[in-house]
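First up is the structure itself, then whatever we jot down about it.
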Amino acid sequence: MIEARDTGSPETAPAKGKDFWPADAGKPARRRLPSPKVLYGAGAVVAAAVIAVAAVLVLGGGDDEGGSAKTIAPTAYTPDFGGEGFAKIASRDADKRPVTEAEALSGDAKTLTSGKYSFRLAASNLTSDCKSASWGARLQGDLAKFGCSQLLRGAYVSSDKKYVGQFIVINLVSEEGVKQIQRDLDRATGAGWVKPLNPPGVPRFGAGFSAAYARTYGHYAVVTWVERAGGAQPASLNEMIDVSLVIEKPADFVWGRVDLSGGGKNGKRP
């Protein structure tokens, strides 16, 4: 089992152990850091190192939104502790207005398109009861400790129904809390996870192989969690990275929060 690490940097060293796909060994993964705006005008977006953590699916008490007895967690997980560009809203004191579903998941967020991928929003849920939307005593304890006031989830399905994804926003009191929750979400800790939404008429989420990516957006933890429909193992981890980047697009609403705090220009990443 690979131990959870907090490097304090979005670029972490590759994990030790066997790769999921030996043929990919030594090849850089294509998941990218926040946009050039986040990097304060950097000329190019730097590729982030991806850590793939494999583990046997954990079983236990509690139900996911679809009523399964399994406590579902991703097979592969990559945290990004950086938070560059969001210092103005590193504390909720600077961004007190609650998030709404209309703000984060309406308009362009209802249909996400990039390259060959197209997704529609199949269901959403916003709750102030963070415990009800998660499992695991340790995770739930830290959600309470670090002031989780809202947990927003959106379930997406691709137009061809070959992929499903979960977009998750956790509203915490501080960036410190975001980083702790990201550490908790590492499968190696056994702390727990967020329950996925499983709306009717959409391929069931959580069976087989899935990959999740957590990013620091000030006092918000933004998580994208994706899989091939049915949980088949992808050809490479980069396939999951590409899908996750599409599902992460609704996080653009956070730029509006930065602008309102006086730290941005137009409410959109370039």
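A short reminder: the numbers here are calculations on the coordinates, not readings from a lab. What you see is a predicted model, and the numbers here were worked out from it, not measured in a lab. Ideal geometry is used to build each Cβ from the backbone, glycine not excepted, and the neighbour counts take in all protein chains shown.
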Pairs under 9 Å by beta carbon, first residue at positive phi in the stretch 135-164, partner aliphatic (A, V, I, L, M) and crowded, with 23+ Cβ neighbours inside 10 Å, six or more apart or different chains? GLY136/ALA73; GLY136/ALA191; GLY147/LEU172
Residue pairs, Cβ under 7 Å, 6 or more apart or interchain, first in the stretch 170-185 and touching a residue at least 40 places away in the same chain (Cβ under 8 Å), second surrounded by fewer than 23 Cβ atoms within 10 Å (Cβ to Cβ) and charged (D, E, K, R). List them. VAL173/ARG92; SER174/ARG92; LYS179/ASP6; ILE181/ASP142; ARG183/ASP6; ASP184/ARG138; ASP184/ASP142
Quick check: anything in the stretch 206-221 within 22 Å of THR127 (Cβ to Cβ), free of Cβ contacts under 8 Å to residues at least 24 places away in the same chain and either touching a Gly at 6+ places or on another chain (Cβ under 9 Å) or surrounded by fewer than 17 Cβ atoms within 10 Å (Cβ to Cβ) (or both)? no
Given the conditions (1) out of contact with any Ser or Thr (no Cβ under 7 Å at 6 or more places or on another chain); (2) part of a strand (DSSP E or B); (3) touching a residue at least 40 places away in the same chain (Cβ under 8 Å), every one holds for LEU121 apart from (3)
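Out of LYS249, LYS195, report the one residue that is in contact with a Gly (Cβ under 9 Å, 6 or more places away or on another chain), basic (Lys, Arg) and in contact (Cβ under 8 Å) with a residue 60 or more places away in the chain. Before you say what the answer is, go through the steps one by one.
Details: LYS249 fails: in contact with a Gly (Cβ under 9 Å, 6 or more places away or on another chain).
Checking each option against the conditions leaves just LYS195.
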In the stretch 77-102, how many are within 18 Å of the chain's Cα centre (by Cα) and in a helix (DSSP H, G or I)? 1
If we scan the stretch 170-188, do we find a residue that is over 23 Å from ILE241 (Cβ atoms) and of a type in the set (D, E, K, R)? yes
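Of a type in the set (Lys, Arg), under 30 Å from GLY262 (Cα atoms) and out of contact with any strand residue (DSSP E or B) (no Cβ under 9 Å at 6 or more places or on another chain): is that true of LYS145 in this structure? Spell out how you get there, then give the answer.
Working: of a type in the set (Lys, Arg): yes; under 30 Å from GLY262 (Cα atoms): yes; out of contact with any strand residue (DSSP E or B) (no Cβ under 9 Å at 6 or more places or on another chain): yes.
Yes.
Determine whether the stretch 149-164 contains at least one residue that is hydroxyl-bearing (Ser, Thr, Tyr), closer than 28 Å to GLY231 by Cβ, over 17 Å from the mean Cα position of the chain (by Cα) and crowded, with 20+ Cβ neighbours inside 10 Å. It would help to see each step written out before you state the result.
Filtering the stretch 149-164 down to residues hydroxyl-bearing (Ser, Thr, Tyr) leaves 149, 156, 158-159, 163.
From the residues that got through so far, the ones that are closer than 28 Å to GLY231 by Cβ too are 156, 158-159, 163.
Add one more test, that the residue is over 17 Å from the mean Cα position of the chain (by Cα), and what stays is 158-159.
Next, from what is left, pick out any that are crowded, with 20+ Cβ neighbours inside 10 Å: 158.
Checking the stretch 149-164: at least one residue is hydroxyl-bearing (Ser, Thr, Tyr), closer than 28 Å to GLY231 by Cβ, over 17 Å from the mean Cα position of the chain (by Cα) and crowded, with 20+ Cβ neighbours inside 10 Å.
Would you mind listing the strands (runs of 3 or more DSSP E) fully within the stretch 129-244 where at least 1 residues are among the charged types (D, E, K, R)? Spell out how you get there, then give the answer.
Details: elements: 150-158, 163-171, 211-217, 220-228.
Ranges flagged: 150-158, 211-217, 220-228.
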